[in-house]
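Asker: Submitted below is the structure of interest, expressed as structure tokens.
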Amino acid sequence: MPDPVASPLPLSLTRLMLRDFRSYADVTLPLHGRLHVIMGENGVGKTNLLEAISLLGPGRGLRGARTVEFARHSPEGQRPWAVAGRFQSPQGEFQLGTGTPEGGPLERRVFRLDNVPLKSQAELAERVAAVWLTPQMDRLFQDGASDRRRFLDRLVWALEPHHAREVGAYDHAMAQRNRLLHEGRAAARGARFADASWLAGLEDQMARHGVAAAAARRGLVGRLNATLASGLTGAFPAALLELACPMAQALDQQPALAVEEAWRAAWAASRGRDAAAGATLQGPHRAELGFIHLPKGIPAALCSTGEQKALLVAVVLAHAALIAAGRGFAPLLLLDEVAAHLDATRREALFAALVGLPAQVFLTGTDAAVFAPLRGQAQGLRACPGILVPATDFPMP
């Protein structure tokens, strides 16, 4: 396995521009170096800043918010919003922007690369990768399987930009199949489905895209487990990830074409049962991601809050290293209130790991003293309502 922290140059955001985004009316922020600490009281816009950066990558950002929610509220009402960033990369300098289209509705979002419209987010994913850890993710081990599956898909997407297209195509075909089964059942209960050829076509799409998505998930879980077991994450406990997915498990024993054929047959045989249930009852959309605290050998759901946080940090650090090794550039690493629930020893280990990673990192927190070990190594910023100012007690690195 290649050294995940060997030499790729980091993807670097050198300037961030916000207009009428969340709590910010108009901000232009020069960024220097790899490490950035944003300090301030609760509610002053620290997370908004990280969210803006996350929107320069593919997807709906670290909050998963609706597009209309990004617009700043003013006495005149919500206004068109924009986020833009200037980047330095191994391929040279470029600028990305996203926001409300000119003259368009707040519900719509567009993207531009060097002032040229992008046709899809897949083009964006080729340029930028972002990984984040937020306080809301602390509930990952207690939330439902769908939350952990989305977490896994975000990790895969950062390494394989076309993964989202495979998942989206599978979900679209499955939704059409469910609708067709419902309509067929309503039209003739117990009768043979009149649209069998259409159903077969949809099940073929589900098999092709589902196997591609399952293979990507399976591959990432294996690579993450190898990285975590290597000791790369230092003082953070290694997690063992377990993907519970019959389609992915079948790929351990059979070639992809054979797995596709088996699932086409399985879905054809289950049409009556799925029609009665009103849903497709089996497939990669039911995959579950499990976390084991490897040193203790217990599920993460049974660990303490601090141990769960440490496991998440370990996974995110390992993933960032994998991106650096696999894509030739390191990701943007967004860590919101990451010091919460970490003791002093693990905070020190985290900062040491971040200094060693070839990734540009943005950390937020309310207590400036927590980040004292990063003085002289990180650009410090203080967030106040609607503005960001240099932190005078953090000398420029």
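The values are calculated or read from the model by the stated rules, or taken from the named source; none is laboratory data. The model shown is predicted, which means the values in this text are computed figures rather than measured ones. Cβ sites come from the backbone with ideal geometry, for glycine too, and all protein chains shown count toward neighbours.
Asker: Within segment 231-261, can you find the residues that are at positive phi and touching a residue at least 40 places away in the same chain (Cβ under 8 Å)?
Answerer: Within segment 231-261, just 234 meets the criteria.
Asker: Something else about it: Among the candidates 391, 353, which residue alone is over 24 Å from residue 15 (Cβ atoms), touching a residue at least 60 places away in the same chain (Cβ under 8 Å) and either buried (at least 19 other Cβ atoms within 10 Å of the Cβ) or in contact with a His (Cβ under 9 Å, 6 or more places away or on another chain) (or both)?
Answerer: 353
Asker: If we keep just the residues of segment 121-150 that are touching a strand residue (DSSP E or B) at 6+ places or on another chain (Cβ under 9 Å), modelled with pLDDT under 90 and in a helix (DSSP H, G or I), which is nearest to residue 350 (Cα to Cα)?
Answerer: 124
For (1) within 25 Å of residue 294 (Cα to Cα); (2) at pLDDT 95 or above; (3) of a type in the set (A, V, I, L, M), each residue gets a yes or a no:
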residue	(1), (2), (3)
183	no, no, no
186	no, no, yes
191	no, no, yes
205	no, yes, no
212	no, yes, yes
227	yes, no, no
233	yes, no, no
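Asker: From 365, 376, 326, which residue is surrounded by 15 or more Cβ atoms within 10 Å (Cβ to Cβ) and more than 29 Å from residue 222 (Cα to Cα)?
Answerer: None of the others qualify; the one that does is 365.
Asker: Regarding residue 235, is this residue surrounded by fewer than 16 Cβ atoms within 10 Å (Cβ to Cβ), out of contact with any Cys (no Cβ under 6 Å at 6 or more places or on another chain) and in a helix (DSSP H, G or I)?
Answerer: Judged against the criteria, residue 235 is not a match.
Asker: Taking the criterion of being in the same structural domain as residue 334 (by TED's automatic domain parsing), in contact (Cβ under 8 Å) with a residue 40 or more places away in the chain, in contact with a Ser or Thr (Cβ under 9 Å, 6 or more places away or on another chain) and of a type in the set (Lys, Arg), would at least one residue in segment 112-122 satisfy it?
Answerer: No, that holds for no residue.
Asker: State yes or no: is residue 75 touching a Leu at 6+ places or on another chain (Cβ under 9 Å) and of a type outside the set (Phe, Trp, Tyr)?
Answerer: For residue 75, the condition - touching a Leu at 6+ places or on another chain (Cβ under 9 Å) and of a type outside the set (Phe, Trp, Tyr) - is not met.
Asker: Another question, then. Can you tell me which residue is surrounded by the fewest Cβ atoms within 10 Å (Cβ to Cβ) among those in segment 13-66 that are part of a strand (DSSP E or B) and of a type in the set (Lys, Arg)?
Answerer: Out of the qualifying residues, it is 15.
Asker: Is it the case that residue 167 is of a type in the set (A, V, I, L, M) and under 19 Å from the mean Cα position of the chain (by Cα)?
Answerer: Taking the combined requirement at face value, the residue satisfies it.
Asker: OK, next. Would you pick out the residues in segment 108-120 that are part of a loop (DSSP other than H, G, I, E, B) and either under 14 Å from residue 52 (Cα atoms) or in contact with a Phe, Trp or Tyr (Cβ under 6 Å, 6 or more places away or on another chain) (or both)?
Answerer: 109, 114, 118
Asker: Still on this structure, I have one more. Taking into account only those residues within segment 73-99 that are under 27 Å from residue 360 (Cα atoms) and in a loop (DSSP other than H, G, I, E, B), which is modelled with the highest pLDDT?
Answerer: That would be 81.
Asker: May I pose another question? Quickly run through segment 288-347 and pick out the residues that are among the charged types (D, E, K, R), more than 23 Å from residue 42 (Cα to Cα) and not in a helix (DSSP H, G or I).
Answerer: 288, 296
Asker: Give me the pairs, please: first residue somewhere in segment 94-107 and more than 19 Å from residue 54 (Cβ to Cβ), second residue anywhere and loosely packed, with under 13 Cβ neighbours inside 10 Å and not β-branched (Val, Ile, Thr), beta-carbon distance under 8 Å, and either six or more positions apart or on two chains.
Answerer: Hits for this filter: 101/108; 107/66.
Asker: Among 264, 273, 223, 179, which is part of a helix (DSSP H, G or I), under 25 Å from the mean Cα position of the chain (by Cα) and not assigned by TED's automatic domain parsing to the domain that holds residue 344?
Answerer: Just a single option satisfies the conditions, and that option is 223.
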